[in-house]
Amino acid sequence: MYVEQLIGPDTVNTMPPKTVDAFLDHGRVERTIDEDVDGAQRTLEAFAELGIEYDEVVNKLEREGVQKFSDSFKELIGEVDRKREELVAH
């Protein structure tokens, strides 16, 4: 949904497998991160007028994103430990 709009130099975008598959199916690879900056600024100003605090939204998304990475990492380590125990038992 947002992958194409964030393509540019010195950027990294992590994506779950379903997003990668969707992008490979119908995405386009070209520099877009700095397209319509004025339009983006107008959107942020409109949000502010509606009482939507940009910094609050960014902080929430950052916290949620870090938590999801942490949860995934813990799950991965748990699976590695489980498999190690299984192999050691044999």
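No lab work stands behind these numbers, since they all come straight from the coordinates. Every value quoted in this text rests on a predicted model; they were computed, and no experiment measured them. Virtual Cβ from ideal backbone geometry, glycine too; neighbours counted across all protein chains shown.
Candidate values (i) 1.06; (ii) 1.58; (iii) 2.12 were compared with Cα Rg over 2.2 N^0.38 Å computed on the shown model; the agreeing label is (ii).
So, counting K/R as plus one and D/E as minus one, what does the shell of residues with Cβ under 12 Å around residue 52 add up to?
Working: positive: 60; negative: 45, 49, 53, 55, 56.
Value of the local net charge: -4.
The trypsin sites (Lys or Arg not before Pro) found in the range 1-38 that occupy coil by DSSP, while having at most 14 further C-beta atoms within 10 Å, are 28, 31.
Using +1 at the C-beta of Lys and Arg and -1 at the C-beta of Asp and Glu, which of 2, 24, 58 has the Cα lying farthest in the positive direction of the dipole of the chain? Positive-end residue among those listed: 24. Qualifying GluC sites (Glu not before Pro) in the chain, where qualification requires a DSSP coil assignment and no more than 14 other C-beta atoms within 10 Å, comprise 30, 35, 53.
Secondary-structure-derived ellipticity at 222 nm for the chain, considering helices only, amounts to -22500 deg cm²/dmol, per-run term -39500 (n - 2.57) for DSSP H runs with n ≥ 4. Of the DSSP H helices in the chain, those with a Cα length along their own long axis of 30 Å or more and a mean Kyte-Doolittle hydropathy reaching -1.0 comprise 54-89.
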